[in-house]
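Just so you know, all these numbers are worked out from the coordinates, no wet-lab data involved. In this text the structure is predicted, and so the values were computed from the model without any measurement. Please note: Cβ atoms are built from the backbone with ideal geometry, for glycine as well, and neighbour counts cover all protein chains shown.
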Amino acid sequence: MTPLSSRVPISPTAATGDAGRFSPDRDLMLSDADFARIRELIYRRAGIVLAEHKKDMVYSRIGRRVRKHGLVRFQDYLAKLEQDSGGPEWEAFTNALTTNLTAFFRESHHFPLLADLVRERRGPVRVWSAGASTGEEPYSIAMALTEVLGDKADFQVLATDIDTEALDRARRGIYPMDQVGKLDERRRKRFFQKGSGARSGFARVRPEVAARVRFQTLNLVAPKWPVEDRFDAIFCRNVMIYFDKGTQARILDRFAPLLKHDGLLFAGHSESFSYISECFRLRGQTVYTLADR
């Protein structure tokens with residue numbers, strides 16, 4: 001391990017593009033070969049396909065991990081990472097390359113469809129948020145189900161993600177007021193507690209809403225999923241865009257037996273599953289149902 005104090009000085013005349021050299025405005029060395037290795041490792045571990053133009057993003061995000069270990073070369077960090085195949089650094093590596101862009105009631109046209117689906121349900125209602133991120137989606141689902149089924153109904157939301165840091169934030173259920181403030185006043189008062197004092201400017205999801213959501217770490221490309229329920233709906237929105245078509249097809253095929261016969265699969269606005277899996281057919285705008293029903 002190279003201590004921080006012994007970093008190689010950066011020459012002001014160093015080339016900016018050659019592999020194995022420092023850029024004059026950067027303190028770390030990321031070669032093309034290092035970037036290729038990172039792309040391969042995150043694909044093998046999480047199914048994420050990193051495009052060629054993501055090199056700056058990788059430098060920024062993984063660079064924090066390189067510095068944390070007192071290194072200046074990505075090559076040394078990657079060697080350290082691969083030497084410990086089951087070590088905790090893999091979790092940090094994966095978290096760093098996961099994108100979390102979400103909001104409460106994002107793609108709002110999906111929630112009335114969910115309400116119509118479950119409105120007449122007499123048994124328990126189960127919904128899976130398969131890309132829970134920092135919690136806005138699963139909490140939105142819990143709010144929508146509360147509104148249509150009532151506070152006493154039997155429903156639960158399973159919220160999973162590969163990013164453990166995002167899930168920790170989701171479990172806390174605390175959000176800036178400028179984010180919560182985008183909801184209408186009725187929902188803000190019913191589902192959130194406004195912070196005061198040190199928590200002024202923030203709001204917490206009310207405990208009775210939080211109790212409806214169960215958070216769990218899950219890797220969608222793992223050989224086994226710790227999921228046993230059959231679901232009325234599965235939300236897998238803006239997740240598949242990070243996978244190649246083969247990975248998408250395998251995940252969709254695994255979703256199919258976990259969905260009830262009249263259940264719905266919700267996709268993101270830029271995703272289309274129509275020509276990827278024979279298990280699903282398009283029912284409406286980015287909404288799918290099982291093809292054999």
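Quick rundown of the values:
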read-out: Residue-by-residue Karplus 3J(HN,Hα) for region 99-104, coefficients 6.51, -1.76, 1.60, Hz, glycine and proline x; value: 9, 10, 10, 7, 6, 5
read-out: By average C-beta atoms within 10 angstrom, highest first, the peptides 149-158, 62-71, 176-185; value: 62-71, 149-158, 176-185
read-out: Sites matching trypsin sites (Lys or Arg not before Pro) across region 119-148 that sit in DSSP coil, with at most 11 neighbouring C-beta atoms within 10 Å; value: Arg119, Arg122
read-out: Positive dipole terminus of region 129-207, leading residue within Gly201, Leu183, Val148 (C-beta point charges); value: Gly201
read-out: Cut-off under 5 Å, modelled amide H: who pairs with Phe231 long-range; value: Leu259, Lys260
read-out: Value at 222 nm in deg cm²/dmol, rounded to 500, when DSSP H runs of n ≥ 4 in the chain each add -39,500 (n - 2.57); value: -10500 deg cm²/dmol
read-out: Sparsely packed trypsin sites (Lys or Arg not before Pro) within region 187-266, loop by DSSP, other Cβ within 10 Å at most 10; value: Lys224
read-out: Neighbour-limited loop hits for GluC sites (Glu not before Pro), region 220-290 (at most 13 other Cβ within 10 Å; DSSP other than H, G, I, E, B); value: Glu228, Glu278
read-out: Electrostatic dipole magnitude of region 110-290 [Cβ: Lys, Arg +1; Asp, Glu -1; Cα centre; debye, to 20]; value: 520
read-out: From the coordinates shown, semi-axes √(5λ) of the Cα gyration tensor in Å corresponds to which of [x] 29, 23, 21; [y] 43, 19, 17; [z] 39, 24, 16; value: [z]
read-out: In order through region 46-58: 3J(HN,Hα) via Karplus (6.51 cos²θ - 1.76 cosθ + 1.60), integer Hz, x for Gly, Pro; value: 10, x, 6, 9, 8, 6, 4, 7, 8, 5, 5, 5, 4
